[in-house]
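Novice: Next up is a structure, given as structure tokens.
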Amino acid sequence: MRKAKPKKRVILPDPVYNDQKVSKFVNHLMYDGKKTISYEIFYKALDTVKEKMAKEEKPALEIWKQALDNITPQVEVKSRRIGGATFQVPTEIRPERKESISMKNMINFARKRGGKSMAEKLAAEIMDAYNNQGGAFKRKEDMHRMAEANRAFAHFRF
């Protein structure tokens, strides 16, 4: 869009935890507009996390939020074409995009996992992310490594 910025859509908080972040996550998780199924998957995953991580003093929602923070990247590389050559330029990420990337990574790596149901896969990915391991955490580390390797091109940023 060239002229005005589009208005931000208001996302209603979820029914159980009354949290907008949960609603955003469920929206990313959803297929074909089946939001109730997505909510069921998410809540089952949090129940599984609560059972398996009973020794933790935190509730399941706090574990999930900490897991999201652990897999949230700070910088990414963007391709810039300068004088016939393409450079990978490290750039800071906007807060909304950080949140979106971390949610999408968690869901994508949960889908790739082996397991019975999506709720179990998602629970396993949440626990791995909470413990700083798993596919989504590795993806964040790779993004940071790429940005660090291309730090010399940071002056092309604008």
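The values are calculated or read from the model by the stated rules, or taken from the named source; none is laboratory data. What you see is a predicted model, and the numbers here were worked out from it, not measured in a lab. Glycine also receives a Cβ, built like all others from the backbone with ideal geometry; neighbour counts cover every protein chain displayed. With ligands, DNA and RNA removed, areas are computed over all heavy atoms of the protein, side chains included. Shrake-Rupley method; radii C 1.70, N 1.55, O 1.52, S 1.80 Å.
Novice: Do any residues in segment 27-44 that are among the charged types (D, E, K, R) have Cβ atoms under 6 Å from those of residues that are open to solvent by less than 80 Å² (accessible area, probe 1.4 Å) and assigned to a helix (DSSP H, G or I), where the two are at least six apart or on different chains, and which pairs are they?
Specialist: Close Cβ pairs satisfying both conditions: K44/A119.
Novice: Sort out which residues of segment 1-36 are closer than 21 Å to N105 by Cβ and of a type in the set (A, V, I, L, M), and write them in order of number.
Specialist: Those that are closer than 21 Å to N105 by Cβ and of a type in the set (A, V, I, L, M): I11, V22, V26, L29, M30.
Novice: Going by the structure shown, is S79 touching a strand residue (DSSP E or B) at 6+ places or on another chain (Cβ under 9 Å) and among the small types (G, A, S)?
Specialist: Working: touching a strand residue (DSSP E or B) at 6+ places or on another chain (Cβ under 9 Å): yes; among the small types (G, A, S): yes.
In short, yes.
Novice: While we're here: Are any residues in segment 13-26 touching a helix residue (DSSP H, G or I) at 6+ places or on another chain (Cβ under 6 Å), free of Cβ contacts under 8 Å to residues at least 40 places away in the same chain and either open to solvent by 40 Å² or more (accessible area, probe 1.4 Å) or not β-branched (V, I, T) (or both), and if so, which ones?
Specialist: Within segment 13-26, the subset touching a helix residue (DSSP H, G or I) at 6+ places or on another chain (Cβ under 6 Å) is 13-14, 17, 25-26.
Filter again for free of Cβ contacts under 8 Å to residues at least 40 places away in the same chain, leaving 13-14, 26.
P13, D14, listed by residue number.
Novice: Quickly run through segment 27-52 and pick out the residues that are open to solvent by 30 Å² or more (accessible area, probe 1.4 Å) and within 30 Å of P90 (Cα to Cα).
Specialist: Answer for segment 27-52, where residues must be open to solvent by 30 Å² or more (accessible area, probe 1.4 Å) and within 30 Å of P90 (Cα to Cα): N27, H28.
Novice: Could you list, in sequence order, the residues of segment 123-158 that are under 11 Å from P73 (Cα atoms) and in contact with an Asp or Glu (Cβ under 6 Å, 6 or more places away or on another chain)?
Specialist: Hit for segment 123-158 is M143, nothing else.
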